[in-house]
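What follows is a single structure, written as C-alpha cells, with notes after it.
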Amino acid sequence: MKDLFNGEDHIVLVLDDVSVNVSCGLHPWERHPERPTRLIVSARLYAPLTTGRADQMPIINYDKVRNRILALEKDGHIDLLETVADRVVDACFGDKRVAACQISVRKPDIYNETRGAGIDLFRTRARWTPPA
C-alpha cells in the first residue's frame with residue numbers, strides 16, 4: 001500500500017463488524033424478505049494526513065458510513081455482496097478527503113465450518129465511479 005499512496009502518511013478510520021440483516025443472495029432461500037441474511041460489514045477509510053499530527057487533522061465523521069450500512073436493511077433484495085460493498089464505498093467517498101477504502105462483507109451463518117464467507121473490496125477514489 002505504501003506505493004499506492006506515494007509514501008504519504010494516512011489516517012485509517014475503522015468500523016469493525018457492523019451487523020445488519022439484509023435480503024441478499026442468489027439462492028432461492030436467500031430471496032425471502034421475511035428471512036433476511038445476517039451480514040457483517042467492516043470499513044476502512046484511508047485519508048492523507050494533512051498535518052504533521054493526526055490529532056491536529058479535522059475529523060472525518062464515520063457516522064455517515066455506519067448509517068449507510070444500517071440502511072442496507074431497507075434497500076430491498078440485493079443479489080450480490082459486491083453490490084452491498086459498492087453501496088458502502090459510495091458512502092465512504094462522501095467525504096472528499098477519503099482517498100481509498102476497503103470494505104469487507106461476510107455472511108457468518110452460511111457454513112457451519114467457517115466464521116464467514118464473503119468478499120473484500122479495495123477501491124481508490126481515482127478509479128471509483130459515483131452512482132448515477
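Every number here is computed from the coordinates shown, using simple stated rules; none is lab data. Values in this document were obtained by computation on a predicted structure and should not be read as measured data. Cβ coordinates were reconstructed from backbone atoms using ideal geometry, including for glycine residues, and neighbour counts include every protein chain displayed.
A cut-off of 5 Å between modelled amide H atoms, ignoring neighbours fewer than 5 places along the same chain, links Ile11 with Ala47, Leu49. According to the Cα-based calculation, Rg over Rh for segment 1-128 is 1.03, with Rh computed by the Kirkwood formula. Using a 10 angstrom cutoff on alpha carbons, build the Gaussian network for the chain and name the most mobile of Asp75, Asp17, Asp90. It is Asp75. Across segment 72-77, computed HN-Hα scalar couplings (Karplus, 6.51 cos²θ - 1.76 cosθ + 1.60, θ = phi - 60°) run 4, 5, 9, 7, x, 5 Hz from first to last residue, x flagging Gly and Pro.
When you filter the trypsin sites (Lys or Arg not before Pro) in segment 73-132 for DSSP loop state and at most 12 other Cβ atoms inside 10 Å of their Cβ, you are left with Lys96, Arg115.
Across all directions, the average flat footprint of the convex hull enclosing the Cα atoms of segment 1-59 is 6.2 nm². For segment 1-85, the set of GluC sites (Glu not before Pro) satisfying both a DSSP loop assignment and a count of at most 14 other C-beta atoms within 10 Å is given as Glu8, Glu34. Val14 sits among other residues whose Cβ lies under 12 Å from its own Cβ, and their net charge, with Lys and Arg +1 and Asp and Glu -1, is 0. With angles folded into 0 to 90 degrees, how steeply does helix 81-92 sit against the dominant principal axis of the chain? Use alpha carbons for both and round to 10. Roughly 30 degrees between the two axes. Projecting each Cα onto the charge dipole of the chain (Lys/Arg +1, Asp/Glu -1 at the beta carbon, about the Cα centre), which of Val89, Gly76, Val105 comes out farthest on the positive side? Looking along the dipole axis, the top candidate is Val89. Grab the other residues whose beta carbon is less than 15 angstrom from that of Arg106, score K and R as +1, D and E as -1, and report the net. Summing Lys/Arg as +1 and Asp/Glu as -1 gives -3. In this rough spin-label picture, where each label sits 7 Å from Cα along the Cβ direction, the Thr114-Glu82 distance is 1.7 nm. Look at the alpha carbon pairs under 8 Å that are at least 6 residues apart: their mean separation over the length of segment 10-126 gives a relative contact order of 28 percent. Over 16 Å apart: what share of the alpha carbon pairs of segment 76-120 falls there, rounded to a whole percent? Value for segment 76-120: 48 percent of Cα pairs lie more than 16 Å apart. Using just the helices of the chain, give the 222 nm mean residue ellipticity in deg cm²/dmol: DSSP H runs with n ≥ 4 each add -39,500 (n - 2.57), and the total is spread over all residues, rounded to 500. Here the helix-only value at 222 nm equals -4500 deg cm²/dmol. Largest GNM mean-square fluctuation across Pro58, Pro36, Pro108, computed for the chain with C-alpha springs under 10 Å, falls on Pro58.
Counting only cysteine Cβ atoms and a cutoff under 4.7 Å, the chain contains unmatched residues Cys24.
In a reduced charge model with +1 at each Lys and Arg Cβ and -1 at each Asp and Glu Cβ, segment 10-126 shows a dipole moment near 340 debye about its Cα centre. Coupling constants for segment 35-51 follow from the phi torsions by the Karplus curve (6.51 cos²θ - 1.76 cosθ + 1.60, θ = phi - 60°), and in residue order they are 10, x, 8, 6, 10, 10, 10, 10, 9, 10, 10, 9, 10, x, 6, 8, 10 Hz; glycine and proline get x.
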